[in-house]
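As structure tokens, the structure follows; a few thoughts come after it.
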There are 2 protein chains.
Amino acid sequence: MLNFSVSNLFFATATEADKAPLVLTGVLLTLAIIYITSKLGGELSRLVNLPPVLGELVGGVIVGVSALNLVVFPETSEASTSQIMNFLQFFTPMNPEFLSEVFASQSEVISVLAELGVVVLLFEIGLESDLRELKSVGYQAAIVAVVGVVAPFALGTVGLIYFFHFPTIPAIFAGAALTATSIGITSKVLSELGYLKAKEGQIIVGAAVIDDVLGIIVLAVVASLAKTGEVNLTQVILLIVSASAFLIGSILLGKFFNQSFMAIADKLKTRGNLVIPAFTFALLMAFLANVIHLEAILGAFAAGLVLDETDKRKELDKQVIPIADVIVPVFFVTVGARVDLSVLNPLIPENRAGLAIASFLIVVAIIGKVITGWAVFGQPNINRLAIGIGMIPRGEVGLVFAGIGSTSGVLSKPLEAAIIIMVILTTFLAPPLLKLVLKKPETGVPTTDNSVKELASTK
Amino acid sequence: MLNFSVSNLFFATATEADKAPLVLTGVLLTLAIIYITSKLGGELSRLVNLPPVLGELVGGVIVGVSALNLVVFPETSEASTSQIMNFLQFFTPMNPEFLSEVFASQSEVISVLAELGVVVLLFEIGLESDLRELKSVGYQAAIVAVVGVVAPFALGTVGLIYFFHFPTIPAIFAGAALTATSIGITSKVLSELGYLKAKEGQIIVGAAVIDDVLGIIVLAVVASLAKTGEVNLTQVILLIVSASAFLIGSILLGKFFNQSFMAIADKLKTRGNLVIPAFTFALLMAFLANVIHLEAILGAFAAGLVLDETDKRKELDKQVIPIADVIVPVFFVTVGARVDLSVLNPLIPENRAGLAIASFLIVVAIIGKVITGWAVFGQPNINRLAIGIGMIPRGEVGLVFAGIGSTSGVLSKPLEAAIIIMVILTTFLAPPLLKLVLKKPETGVPTTDNSVKELASTK
């Protein structure tokens with residue numbers, strides 16, 4: 001063993017004992033590349049007057065599996081195609097199996113950091129949201145969410161059966177993949193445009209949270225339908241009950257927990273006396289949401305909403321901002337990096353069927369969400385188009401549908417590719433469109449480039 | 001496949017497809033436990049007038065492998081002994097192999113987060129250190145470092161040969177394990193006591209950095225000696241040259257890079273315009289240090305030193321503090337959690353030989369470092385005892401020696417256990433001792449409870 005463990009010091013071939021430092025080296029370099037990408041992308045995007053997050057996503061595509069192969073993941077790429085792994089090989093030669101292990105571990109760490117990134121993002125969005133404002137638009141958000149789930153689901157399923165002659169189960173599966181808005185992307189764009197606290201912003205965020213929960217319930221229904229041909233009602237009801245209990249419970253808990261939180265933060269005298277209790281709460285809520293089969297981000301959002309009510313909010317906001325600054329880009333850049341643009345290439349014959357279906361799904365995905373703005377009642381001066389467009393970006397949940405549908409054999413290859421294309425395009429289309437419609441003066445909200453930082457400092 | 005992927009939604013046994021969400025769930029819960037531990041430990045430690053970091057370490061021991069088995073790692077524990085994994089089993093039953101995989105991935109993520117934690121800590125320590133002050137005590141630091149490497153190495157090796165009749169190679173190996181001070185623990189304690197910027201603090205930090213490099217060189221020499229019976233001079237010289245080039249190069253680079261950094265930070269208009277370039281620089285320097293077989297933390301420290309010279313330092317300090325607050329505790333708590341106190345149990349007969357050797361090693365480890373204070377020249381009013389005590393805590397490098405020595409068969413079981421006990425006790429002894437001697441009035445520096453936060457805000 002010794003000659004292996006020690007050999008690393010002498011630039012010879014590395015093995016098992018050297019794994020931990022190599023994984024760390026890979027993570028350090030990957031994070032540096034992610035940061036450079038996010039800043040270059042964000043700044044260039046801003047220069048051409050688009051939301052920075054779009055640049056981070058596009059930058060991610062460039063460093064990802066579609067182009068430079070710097071930030072890639074085992075799901076799509078061999079270890080030998082990762083340029084970071086090849087770079088490490090230059091300093092520490094590794095045999096193929098060991099290289100794969102280091103690559104897998106490094107990718108796992110980056111994936112979890114990305115997940116923690118979106119958890120922190122939603123915690124911050126929760127902190128910036130105003131529970132009273134959100135309650136006051138609660139009914140509107142619920143209607144937007146329900147219309148935004150039912151419309152694309154119905155249009156998509158029926159269209160796939162009638163126009164493309166798909167069997168019912170795959171059509172329902174693909175229709176279901178059209179339902180859930182990506183809270184992360186849409187809320188980040190709203191925040192960058194300074195619209196998060198506007199009525200439109202709060203309706204969109206509230207609706208996105210609700211339709212995320214609806215999407216998870218739809219997934220459970222559709223998946224059990226695909227599996228056994230019938231719906232397991234008990235489990236679906238259990239999911240609905242636990243989801244409702246979680247959301248309502250966390251809001252009710254809010255009042256009580258605020259007091260305890262303040263008391264704890266006041267008593268603590270060591271460093272991190274405010275941010276550590278806040279993060280502990282956010283992590284526990286994210287854990288709870290995850291464990292009852294909701295998403296971690298819903299827990300983090302709820303935690304942010306609860307803590308938004310405390311007197312310490314301003315100070316907490318200020319401390320959360322730099323933390324979000326260093327962890328959130330990992331999420332956006334890796335979302336871009338995972339996108340495989342090759343499914344869009346019409347020169348590959350197998351892609352053509354998928355592209356035709358994708359065009360249909362995209363139209364349905366956009367129409368099905370844009371109309372939701374007109375479902376809002378009692379708000380005469382609201383920017384209905386902005387609400388509809390804000391709901392367009394699909395994300396994680398859509399890809400989860402595609403993944404489960406694909407491994408289960410329910411979805412054909414073209415249909416799976418079509419869903420992925422739909423997720424990609426809706427995600428990339430929404431930020432510029434949102435910026436465009438929110439520039440209109442009738443919204444009555446300033447349209448200058450308000451960053452979250454400015455918002456936080458003027459709070 | 002479908003029935004497995006989907007089954008997770010219905011609380012049935014989980015498999016491969018469900019790994020990512022389970023790993024995330026485990027990480028979320030582990031982080032929450034780490035935060036609660038660090039705050040409870042830190043606050044209790046402060047209440048009894050000890051440095052908070054000692055409480056974080058002790059808290060780590062309590063939640064770790066020695067007691068509660070909440071935060072444990074595959075190197076010492078089976079997946080089934082992890083209470084977090086058992087808790088997850090309650091919600092999502094897993095078969096033993098799958099449980100091991102989830103446990104391994106989750107532990108890997110926490111380990112890398114801990115490494116990133118100490119990288120951020122050393123970056124912050126670098127930012128708080130003053131390059132000019134460090135240069136002005138450079139010679140003193142070098143002498144403290146050299147004496148602190150030579151004395152324990154010589155005393156330890158000779159003592160093991162004469163008193164314990166060990167063969168030369170194991171004795172040299174164990175002597176070498178006595179050399180390197182843990183920068184992380186000692187600098188954190190200094191920072192908590194408000195002594196980091198004092199002359200004593202800067203000498204200790206400078207000496208710890210230098211003896212870390214010396215320790216790595218000693219490791220290379222000793223390991224090649226153990227392997228082939230002779231020293232590979234070319235490789236050792238290569239290591240010395242690259243280490244020197246790195247440290248001197250990064251200081252020279254400082255002046256040039258300061259300008260570029262300021263120019264970049266000024267041009268960027270999106271969020272994180274200051275902290276992201278700073279972290280990118282720190283990560284790249286940490287990567288560089290790691291890749292030339294130094295330690296990542298040396299690169300991060302150098303990056304902090306360089307950026308300390310910029311006009312943006314104050315603003316950067318403020319933003320780095322909350323980031324350090326959420327990531328650094330992962331390092332200290334896991335350091336404690338990895339400590340296996342069972343080696344200290346004298347009721348186990350096999351431990352007794354180790355305990356006798358350990359007592360000797362601890363005495364040598366303390367004396368060998370405490371005398372370094374009296375090697376400082378030209379500083380009449382300096383607290384020599386504080387400098388010596390500040391150098392006492394051994395850490396990572398000592399454990400690396402124990403690990404390599406054990407897997408290579410050079411170290412016998414009692415000798416390996418003795419090294420581990422020495423690392424544990426020096427680490428836990430130094431913080432209270434340092435607090436004690438730094439209370440003495442002759443240092444001329446305020447001894448009130450200055451936290452880093454207060455230092456940063458009054459800078």
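Where a number appears in this text, it was derived from the coordinates with a stated rule and is not lab data. Since the model is a prediction, treat every value here as computed from it, not as a measurement. A quick note on method: Cβ atoms are made from the backbone with ideal geometry, for glycine too, and the neighbour counts reach across all protein chains shown.
Table for the structure above
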item: Hydrodynamic radius (Kirkwood) for the protein assembly as shown, which is based on Cα pairs only, to one decimal in Å; result: 28.8
item: Neighbour-count order for B:Leu361, A:Leu57, A:Leu193, B:Leu284, fewest beta carbons within 10 angstrom listed first; result: B:Leu284, A:Leu193, A:Leu57, B:Leu361
item: Axial C-alpha extent at least 24 Å, average Kyte-Doolittle at least 1.6 - helices from chain A (DSSP); result: A:138-162, A:413-438
item: Averaged over A:51-59, number of beta-carbon atoms from partner chains that fall within 10 Å; result: 1
item: Calculated label separations, A:Ala67, copies of the chain, 7 Å along the beta-carbon direction, nm; result: 5.3
item: Signed unit charges on C-beta, dipole axis of chain A, positive-most listed residue A:Ser406, A:Leu57, A:Thr228; result: A:Leu57
item: Calculated label separations, B:Thr81, copies of the chain, 7 Å along the beta-carbon direction, nm; result: 4.1
item: Nearest-0.05 FRET efficiency for A:Asn95 and B:Lys135, computed from C-beta distance (R0 51 Å); result: 0.70
item: log10 of Debye I(q)/I(0), alpha-carbon scatterers only, for the range B:130-458 at 0.08, 0.12, 0.15 Å⁻¹; result: -0.39, -0.86, -1.29
item: Pairwise label distance in nanometres, A:Ile237 with B:Asp266, each label 7 Å out on the Cα-Cβ vector; result: 6.8
item: Mean shadow area of the range B:2-111 over all directions, Cα convex hull, nm²; result: 6.8
item: Least to most buried among B:Phe377, B:Phe401 (fewest other Cβ within 10 Å first); result: B:Phe377, B:Phe401
item: Gap separating the Cα centres of the range A:363-442 and the range B:202-255, nearest whole Å; result: 56
item: FRET efficiency, B:Trp374 to B:Leu40 (Cβ-Cβ, R0 41 Å, nearest 0.05); result: 0.60
item: Label 7 Å beyond Cα on the Cβ vector: A:Lys314 copy-to-copy distances, nm; result: 2.0
item: Residues A:Asp311, B:Asp317, B:Asp211, A:Asp130, sorted so that the one with the fewest Cβ neighbours within 10 Å comes first; result: A:Asp311, A:Asp130, B:Asp317, B:Asp211
item: Residue pairs, from the table A:Lys318/B:Lys135; B:Lys197/B:Lys269; A:Lys39/A:Lys267; A:Lys199/B:Lys269, whose Cα atoms sit over 31 Å apart; result: A:Lys318/B:Lys135; B:Lys197/B:Lys269; A:Lys39/A:Lys267
item: Spin-label model distance (nm) - B:Thr76 vs B:Asp311, 7 Å beyond Cα toward Cβ; result: 5.0
item: Shielding score for A:310-320, defined as the mean number of other chain Cβ atoms within 10 Å; result: 1
item: FRET efficiency, B:Phe256 to B:Ala142 (Cβ-Cβ, R0 22 Å, nearest 0.05); result: 0.30
